[in-house]
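Q: Take this structure, written in C-alpha cells, and hold onto it; I'll ask about it next.
Read the figures in this text as sums done on the coordinates, not as results from a lab. Computed from a predicted model, the values in this text were never measured in an experiment. Using ideal geometry, Cβ is built from the backbone for each residue, glycine included, and neighbour counts are taken over all protein chains shown.
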Protein chains: 2
Amino acid sequence: MKKIKNYVQLIENTLARQDWDREPAQLYEPVSYILHLGGKRLRPALTLAACELFNGPVEEALMPAMAVEVFHNFSLVHDDIMDAAPLRRGQPTVHHKWDLNTGILSGDAMLVKAYQYVAMVEPAILPSVMRVFSQTALEVCEGQQYDMNFENLPEVAEEDYLEMIRLKTSVLLGCALKLGALVANARPQQADDLYQFGVHIGIAFQIQDDILDAFGDPEKFGKQNGGDILQDKKTLLMIHALQKAPEIEELLGTAADPQKKVEAVKKVFENSGALHHARKTMQDYFDQAIQYLEKAGGNPEIQGELKAFANYLIIRDN
Amino acid sequence: MKKIKNYVQLIENTLARQDWDREPAQLYEPVSYILHLGGKRLRPALTLAACELFNGPVEEALMPAMAVEVFHNFSLVHDDIMDAAPLRRGQPTVHHKWDLNTGILSGDAMLVKAYQYVAMVEPAILPSVMRVFSQTALEVCEGQQYDMNFENLPEVAEEDYLEMIRLKTSVLLGCALKLGALVANARPQQADDLYQFGVHIGIAFQIQDDILDAFGDPEKFGKQNGGDILQDKKTLLMIHALQKAPEIEELLGTAADPQKKVEAVKKVFENSGALHHARKTMQDYFDQAIQYLEKAGGNPEIQGELKAFANYLIIRDN
C-alpha cells in the first residue's frame, strides 16, 4: 500500500498547511485541536486514490479530500457530545476539554468549513459534488439518529442494524471515493461502482469491528475484549444471538463479574452461530465490495492498492 | 409593501410544500416543528425581492430563499441550546421540547438541508452562491462566539460590539439579498451594493432593537421594557453609558426592585448621552444602507419596496 501511504502523507501535509490561527480563537482552536489529534486519514486518502484510479490530477482532489476529513471530524465532535464520551483517541473530547457550547459551535463551523473545501472543485463538477456530499452528510445524521434510537429499543432487526451502519459510517467512505472519481471525470457508472465499493467495504469493516471487539487479540486490537458486551450493545453478534438463543438475555445488565459476563456472552455468540453468521455476513459484504471495485475499472496499479487497502481494513490487527 | 407581502406568502407556500414527514422521525419532526413556529420570513422574502429588483425570475430564487430560512432556523436551534433558552416565539425550544441530542442533531441536519436548497441554482452561478453562503455561515458562527465571549468580559469596545452584531445577525440579511441578485445575474458591483444594504440595515435594526428593549412602547413593542437592562447586557447603550458615566456600574447586578433598576439605568442612558449616541449610530447605518440600495439600482418599484421595508424594520412597533 505504498501509494495509499503517500496519499496519507499528502493529506497530513495539506492539513499542516491550513491556518486555524484565526479569530475568535475560542471557535477555531478546538477545530485545530481535533484535526491534529491524529486519526489515520484513510477517508481523504481514498479520495486521492479514487482520483488517481481514473487518471485524474491528484492535486485537484486535495480540497474535496480535506472536506471529507473535516466533515468526519465535525461528526466526531458532535457525536462525542451526544454519546457523552470523555475521550477521543486517548485525549479529552472537545466538549470535555472546553465545554458544551464550544463543542456545538466549533462543530458547526467545521461543517461549514467542510463545505468550503468541497466547493473548491472545478465549476463543471460542482453540482454533482454538492449532491453526493450533502446527501452523505444528511445520511450520516440519519445514521447517528438510528444508532441513538436503537439504544432505547428492546430489539433491533438485523436489516435495520445494517442500514444504520451503512448510514452512520459507510456512506462517507463511498462519498470519499466518489468525490475523487468525479474530480477525475470518471464515467457516472464508474463513480457509482466505486461509491458502492466504499459502502460495502465500510459495512464489512464495521461488522469486523464488532467481531474484533469481542474476539480480537487484545494485544493486536489495542483494547480489552468485550467493551460492546459489557454495554449490552446491539451489534450484529448480539442481534443474531438474541434471535437464536434468547436465553442470552439472562446474561445482560450489570454484571457482578464483568470478565465472567464477557466470557459467557462470547460462548453464546459461538454456540448460537452468531459469530459464524457475523463472519459470513462480513465476508459477503467484502466480496461484493471487491466485485464493485473490479467493475469500476481504472488504473490496475491503483485498483491493486485499493484491494490491499480493503484487506487491511478487514484483517487489521489494530 | 405589497410586493414584500407577496414574497412572504410565496415563501409560506413553498415551506408548506416541503415534506418533512421522513424517517427517522426523531430527526425530522423537530425540523418541521421549528420551521412552522412562525417567524416573519423576512430574510427569504429579501432574496425574492433582490431577484426581482434585477428583473430575475423569482421562482428561481425560491430555493436559495429556502436555504436562507432553513439556515436561520438552524442557527436558532443551536443558539437556543447555547443560550439555555426555554422558549422561542412563545413555544418550547427544540432542546426543551425534546432533548439536547435532538437539538444538536436536528440542527446539523438543517444546516445540511440549507446547503441542499442553496445548491439548487443554475450551475453557472453555483460557485459564487456557495462562496457567499459559506462565508456568511462561518461569520454567523463567529458572531455567536463573540456574543458568548462578551458575556464574560468586564467591558466591550463599541467597535467590537458593532462587529459582533454585523457577524451574528447582519451578514445573513446581506447574504439573502446577494443570493437573489446572483440568481438575477446582476452585475457583481450591484450584488455587492445590495449585500451592503442588507448588512447596514441589519446593524441599524439591531441597534434599534437595543433601544426599543429599553425605551420602546411596551404595548406596541410586545414585551416589557428593560429585559436587556435586567441582564446587564452589553448593548450599544450600555457600552456607551459605561464609558461616559462609569457610575452606572453601581446599578448593575441583581436588583432588589427590578423596576427601579430599569428606571435608574434608563435615566443614566438618557443623561449620559448613550441614548442619543445609539439613535445617531442607528441613523447613520440606516442612511448608509439607503445609499447602498440606491447605488445598487435596479427596478424602481422594487427599490421603493425595499426602502419601505427598511423603514418598517426600523420604525416597527412590534
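Q: Provide A:Phe309, B:Phe215 in ascending order of the number of other Cβ atoms located within 10 Å of each residue's Cβ, fewest first.
A: Fewest-to-most ranking of A:Phe309, B:Phe215: B:Phe215, A:Phe309.
Q: Which entries of A:Lys3/A:Lys40; A:Lys168/A:Lys233; A:Lys40/A:Lys295; B:Lys40/B:Lys266; B:Lys40/B:Lys97 show an alpha-carbon separation above 18 angstrom in the structure shown?
A: Over 18 Å apart, Cα to Cα: A:Lys40/A:Lys295; B:Lys40/B:Lys266; B:Lys40/B:Lys97.
Q: Going out from 0 in 10 Å bins, what whole percent of all Cα-Cα distances in the protein assembly as shown drops into each bin?
A: Calculated P(r), rounded to whole percents: 3, 15, 23, 24, 17, 10, 6, 2, 0.
Q: May I pose another question? Which of A:Arg17, B:Arg43 comes first, and how do the rest follow, when ranked by fewest Cβ neighbours within 10 Å?
A: So the ranking, lowest neighbour count to highest, is A:Arg17, B:Arg43.
Q: Please compute the net charge surrounding A:Gln18, taking Lys and Arg as +1 and Asp and Glu as -1 over other residues with Cβ under 12 Å from its Cβ.
A: Values: positive: A:Arg17, A:Arg22, A:Lys113; negative: A:Glu12, A:Asp19, A:Asp21, A:Glu69.
Overall, the nearby charge balance is -1.
Q: Measuring label to label, 7 Å along Cα→Cβ, what does A:Arg187 give against each other copy in nm, shortest first?
A: Nearest first, the other copies' label points are 4.7 nm away.
Q: Further question: Once the label point is set 7 Å along the Cα-to-beta-carbon vector, what list of distances in nm do you get between A:Leu252 and its counterparts in the other copies?
A: Nearest first, the other copies' label points are 5.4 nm away.
Q: Considering only B:Thr254, B:Ala186, B:Leu76, whose Cα is most displaced toward the positive end of the charge dipole of the range B:2-315, charges sitting on Cβ of Lys, Arg (+1) and Asp, Glu (-1)?
A: Checked the options; the winner is B:Ala186.
Q: State, to one decimal in nm and shortest first, how far the label point of B:Asp19 sits from each corresponding label point in the other identical copies (label point: 7 angstrom along Cα-to-Cβ).
A: Distances between equivalent label points, in nm: 4.7.
Q: Right, something else. Just to verify a number: FRET efficiency for A:Thr254 and A:Asn6, C-beta to C-beta distance, R0 = 45 Å, to 0.05?
A: 0.40
Q: State to the nearest 20 debye the size of the charge dipole of the range A:155-195 about its Cα centre, where the only charges are +1 on K and R beta carbons and -1 on D and E beta carbons. Please list the in-between numbers first.
A: Values: 4 positive and 7 negative charges, 88 e Å.
Rounded to the nearest 20 debye, it is 420 debye.
Q: Could you work out how far helix A:126-151 tilts from the main Cα principal axis of chain A, as a 0 to 90 degree angle to the nearest 10?
A: For A:126-151 against chain A, the angle is about 20 degrees.
Q: Further question: Could you tell me how many degrees, from 0 to 90 and to the nearest 10, lie between the Cα long axis of helix B:274-296 and the main elongation axis, the longest principal axis, of the Cα atoms of chain B?
A: That helix lies at roughly 20 degrees to the long axis.
Q: In terms of the ratio Rg/(2.2 N^0.38 Å) built on C-alpha atoms, what value belongs to the range A:17-79?
A: The range A:17-79 yields a ratio of 1.26.
Q: Now for a separate question. How large is the dipole of chain B about the Cα centre if only Lys and Arg carry +1 and Asp and Glu carry -1, each at its Cβ, rounded to the nearest 20 debye?
A: Dipole magnitude for chain B comes out near 760 debye.
Q: Return the Rg/Rh value of the range B:163-257, two decimal places, where both radii are evaluated on C-alpha atoms and Rh is the Kirkwood radius.
A: Taking Rh as the inverse mean 1/r over Cα pairs, Rg/Rh reads 1.15.
Q: Also, I was wondering about something else. Once the Cα atoms of helix A:100-118 and of chain A are each reduced to a long axis, what angle between those two axes, in degrees from 0 to 90 to the nearest 10, is obtained?
A: 50
Q: Distance between the C-alpha centers of the range B:191-243 and the range A:229-295? Whole Å please.
A: Taking the Cα centre of each part, the range B:191-243 and the range A:229-295 sit 59 Å apart.
Q: Follow-up. Could you identify which residue out of B:Ala109, B:Ala45, B:Ala184 has the top mean-square fluctuation in a GNM of chain B using Cα springs shorter than 10 Å?
A: Per the Cα network of chain B with a 10 Å cutoff, B:Ala109 tops the list.
Q: Which order results if A:Leu62, B:Leu230 are arranged by neighbouring Cβ count within 10 Å, fewest first?
A: Fewest-to-most ranking of A:Leu62, B:Leu230: B:Leu230, A:Leu62.
Q: So, one more: On the principal axes of its Cα set, how long, how wide and how thick is the range A:1-150? Give whole Å, largest value first.
A: 44, 32, 32 Å, listed from the longest principal axis down.
Q: Translational D (Stokes-Einstein, µm²/s) of chain A at 25 °C and 0.890 mPa s when Rh comes from the Kirkwood sum over C-alpha pairs? Intermediate results must be reported in sequence, preceding the final value.
A: On the way: Rh = 20.4 Å.
For these conditions, the coefficient is 120 µm²/s.
Q: How large is the helix-only mean residue ellipticity at 222 nm for chain B, computed as the sum of -39500 (n - 2.57) over DSSP H runs with n ≥ 4, divided by its residue count, in deg cm²/dmol to the nearest 500?
A: -23500 deg cm²/dmol
Q: Would you compute the Debye intensity of the range A:224-318 from its alpha-carbon atoms alone, equal scatterers and no solvent, and pass along log10 I(q)/I(0) at q = 0.13, 0.18, 0.22, 0.25 Å⁻¹ to two decimals?
A: -0.58, -0.83, -1.04, -1.22
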